[in-house]
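Below is one structure, written out as structure tokens; the observations come after it.
The values are calculated or read from the model by the stated rules, or taken from the named source; none is laboratory data. Treat the numbers as computed from the prediction; the structure is a model and nothing was measured. All Cβ positions, even for glycine, are placed from backbone atoms using ideal geometry, and neighbour counts span all protein chains on display.
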Amino acid sequence: MKVTIRIDGDVLSAYIPKKDLEEPIISVEDEDLWGGAILLRNGWRLALPHLPQDTRLPVTAEASIRRY
């Protein structure tokens, strides 16, 4: 699914247009953000693709739901 990652002040958030859902990112698996999982405030875990560390935000990428 498409997800837009953006930063507003110190808060990272994820917007999923298909669901018209925007949630703060409360934890990241990989401190570089890209290539790991993120946890949204609503409990969703999304796996982000590998992108260069210096990728500028906001960015839209293809993510998948990660189930544990």
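Things to note:
- Per the listing 22, 31, the residue uniquely at pLDDT 95 or above, farther than 19 Å from residue 67 by Cα, outside any helix (DSSP H, G or I) and among the charged types (D, E, K, R) is 22.
- Only one of 66, 41 that is touching a strand residue (DSSP E or B) at 6+ places or on another chain (Cβ under 9 Å) and either of a type in the set (S, T, N, Q) or surrounded by 14 or more Cβ atoms within 10 Å (Cβ to Cβ) (or both): 66
- Count of residues meeting criterion [among the small types (Gly, Ala, Ser) and part of a strand (DSSP E or B)] in the stretch 5-19: 2
- Residue pairs meeting the criteria (Cβ under 8 Å; at least 6 apart or on separate chains; first within 15 Å of residue 29 (Cβ to Cβ), in the stretch 39-68; second among the charged types (D, E, K, R) and in a loop (DSSP other than H, G, I, E, B)): 45/66; 45/67; 46/66; 47/66; 53/32
- Of the residues 55, 60, 4, the single one that is surrounded by 12 or more Cβ atoms within 10 Å (Cβ to Cβ) and touching a Phe, Trp or Tyr at 6+ places or on another chain (Cβ under 6 Å) is 4.
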